[in-house]
Amino acid sequence: MLDIAEELNRWVADGRDFAVATVVAVGGSAPRQPGAALAVDAEGTAVGSVSGGCVEGAVYELCRQALEDGETVLERFGYSDDDAFAVGLTCGGVIDILVTPVRADDPVRPVAAAALAAGARG
């Protein structure tokens, strides 16, 4: 997530609501490692990547849903021989994605803001 911390720090300063999807676990071959992140703001602007493209659309929609309902969600994406055309990883691996909404009125927003500011500073 450090690669998008600077942009997210700006979003916090602007008072934007957003959701962050973070790779929290991988199994087998995966395009990105734990810590990779994608964020989507309330206007639909996206920054970052969790998979290099193969599940970005589905994760984008999870972020939009998290913004709408305020719920954190853990979702697993992987390849399935039974449903080869479903959203998944063509590389054969599995990734677990944690999607967390970060709203301006959330009581933990100051904690997130402090962490993002530190990340933006390196």
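Scan the stretch 23-56 for residues that are among the small types (Gly, Ala, Ser), within 18 Å of Met1 (Cα to Cα), open to solvent by less than 60 Å² (accessible area, probe 1.4 Å) and not in a strand (DSSP E or B) and jot them down. Walk me through how you get there before you give the answer.
Start the filter on the stretch 23-56 by keeping residues that are among the small types (Gly, Ala, Ser), which leaves 25, 27-30, 35-37, 39, 42, 44, 46, 48-49, 51-53.
Now narrow it down to the ones that are within 18 Å of Met1 (Cα to Cα): 25, 30, 35-37, 39, 46, 48-49, 51-53.
Next, from what is left, pick out any that are open to solvent by less than 60 Å² (accessible area, probe 1.4 Å): 25, 30, 35-37, 39, 46, 48-49, 51, 53.
Ala30, Gly35, Ala36, Ser49, Ser51, Gly53, listed by residue number.
Scan the stretch 3-49 for residues that are touching a residue at least 60 places away in the same chain (Cβ under 8 Å) and charged (D, E, K, R) and report the count.
4
The values are calculated or read from the model by the stated rules, or taken from the named source; none is laboratory data. Please read these numbers as outputs of a predicted model, since none were measured by experiment. Positions of Cβ are generated from backbone atoms using ideal geometry, with glycine treated the same way; all protein chains shown enter the neighbour counts. Note: accessible area is taken over every heavy atom of the protein model, side chains too, but ligands, DNA and RNA are not part of it. Shrake-Rupley method; radii C 1.70, N 1.55, O 1.52, S 1.80 Å.
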